[in-house]
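Below you'll find the structure, written out as C-alpha cells, and then a few comments.
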Amino acid sequence: MTAQFSYPGDREQSSAAQVRALEALLIEKGVITSATVDKVLSYFESEMTPLNGKKIVARAWVDPDFARRLVADTPAAVAELDLPDGMAGAEGEHLAAVRNEPGIHNLVICSLCSCFPWPVLGLPPYWYKNPVFRARAAREPRAVLHELGVPLDPDTEIRVWDSSGHSRWFVIPQRPAGTEGMSEQQLAQLVTTESMIGVALAKSPVGS
Ligand code: FE
C-alpha cells in the first residue's frame with residue numbers, strides 16, 4: 001500500500017502498548033485469562049484467514065449458480081463449502097458479497113471504523129483503518145483506485161460499500177483472462193485480500 005495511507009512510525013508500538021495495558025488490567029481484574037487471549041489470537045491466525053475468501057471466490061468463478069447464491073444469501077452460500085468451524089460466528093452472519101463485472105467495480109470500506117468480514121478475510125490490514133484512506137475512498141474512490149494502480153476504464157461504475165455491524169462486505173473480483181484451464185485450487189491462488197476489498201484486481205496467471 002502506498003505511502004499516502006501510512007501511519008506514523010510508532011503507531012504499531014503505541015497501539016501494542018495500549019493493548020498490553022488493557023490486557024493486563026482485564027487479567028488482573030479476573031475478566032479474562034491469558035489463555036483466553038492466546039485462544040482468540042490463534043483462532044484468527046489459523047482458522048479465520050483470507051484462505052477462506054480465496055476458496056469462496058474460486059468456487060464462485062467455476063460455478064455460476066454458486067456465485068448467484070453467494071450474492072443473494074452470502075452466509076447460506078458460504079455454509080455450503082467445507083470451511084473451518086465458526087464461519088457463521090465472528091460476524092459471519094453479516095457477510096455480504098458483491099460481484100465485480102464488466103463495467104462495475106466494487107470497493108469496500110468502513111467509513112466509521114474498521115468493520116471487516118473476519119471469517120473470509122481475517123483481521124483487517126492496517127491501511128484499511130487509516131482515516132485518510134477511509135475518507136478519501138468514500139469521497140473520491142476513482143482517484144484513490146487510480147493512485148493504487150487499479151486499471152479501470154473511465155466509464156466503469158464504482159460502487160463503494162460501507163461495512164458496518166450489520167453488513168460485512170467483500171468483493172468477488174472478476175476472473176482473470178487466460179485462466180480457462182485452471183483448477184479451482186489454482187484459481188484460489190490468484191485471489192488476494194486486496195482484490196476481495198476492491199483495492200486491486202485478482203492476479204493474472206503467470207505467463208499471461
Ligand atoms: Fe467499522
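The values are calculated or read from the model by the stated rules, or taken from the named source; none is laboratory data. Quick caveat: nothing in here was measured; it's all calculated off a predicted structure. Cβ atoms come from the backbone with ideal geometry, glycine included; neighbour counts cover every protein chain shown. Heavy atoms of the whole protein, side chains included, go into the accessibility calculation; ligands, DNA and RNA do not. Shrake-Rupley method; radii C 1.70, N 1.55, O 1.52, S 1.80 Å.
Condition test on residue 97, is it open to solvent by less than 10 Å² (accessible area, probe 1.4 Å) and in the same structural domain as residue 169 (by TED's automatic domain parsing)?
Values: open to solvent by less than 10 Å² (accessible area, probe 1.4 Å): yes; in the same structural domain as residue 169 (by TED's automatic domain parsing): yes.
Taking the combined requirement at face value, the residue satisfies it.
I need a count of the residues in the stretch 168-189 that are more than 16 Å from the ligand (Cβ to nearest atom) and touching a residue at least 24 places away in the same chain (Cβ under 8 Å). Can you show your working first?
First, pick out the residues of the stretch 168-189 that are more than 16 Å from the ligand (Cβ to nearest atom): 171-189.
Within this subset, residues satisfying the condition of being touching a residue at least 24 places away in the same chain (Cβ under 8 Å) are 171-179, 184-185, 187-189.
Of the residues in that region, 14 qualify.
Among the residues of the stretch 126-167, write down those that are under 22 Å from residue 49 (Cβ atoms), away from the ligand (no atom under 14 Å from the Cβ) and buried (at least 17 other Cβ atoms within 10 Å of the Cβ).
Correct list: 127 only.
Do we have residue 120 as open to solvent by less than 30 Å² (accessible area, probe 1.4 Å), more than 18 Å from residue 188 (Cα to Cα), in contact (Cβ under 8 Å) with a residue 60 or more places away in the chain and in contact with a Gly (Cβ under 8 Å, 6 or more places away or on another chain) here? Give the derivation first.
On the way: open to solvent by less than 30 Å² (accessible area, probe 1.4 Å): yes; more than 18 Å from residue 188 (Cα to Cα): no; in contact (Cβ under 8 Å) with a residue 60 or more places away in the chain: yes; in contact with a Gly (Cβ under 8 Å, 6 or more places away or on another chain): yes.
No.
Among the numbered conditions (1) over 17 Å from residue 75 (Cβ atoms); (2) open to solvent by less than 20 Å² (accessible area, probe 1.4 Å), tell me where residue 189 comes up short.
Evaluating residue 189 over (1) over 17 Å from residue 75 (Cβ atoms); (2) open to solvent by less than 20 Å² (accessible area, probe 1.4 Å) leaves (2) as the failure.
State which residue is nearest to residue 114 (Cα to Cα) when the search covers only the stretch 165-205 and only residues that are in the same structural domain as residue 59 (by TED's automatic domain parsing) and of a type in the set (Lys, Arg).
168
What tally of residues in the stretch 59-106 results from selecting those that are under 19 Å from residue 190 (Cβ atoms) and either under 14 Å from the mean Cα position of the chain (by Cα) or within 16 Å of the ligand (Cβ to nearest atom) (or both)?
Residues flagged as under 19 Å from residue 190 (Cβ atoms) and either under 14 Å from the mean Cα position of the chain (by Cα) or within 16 Å of the ligand (Cβ to nearest atom) (or both) within the stretch 59-106 amount to 4.
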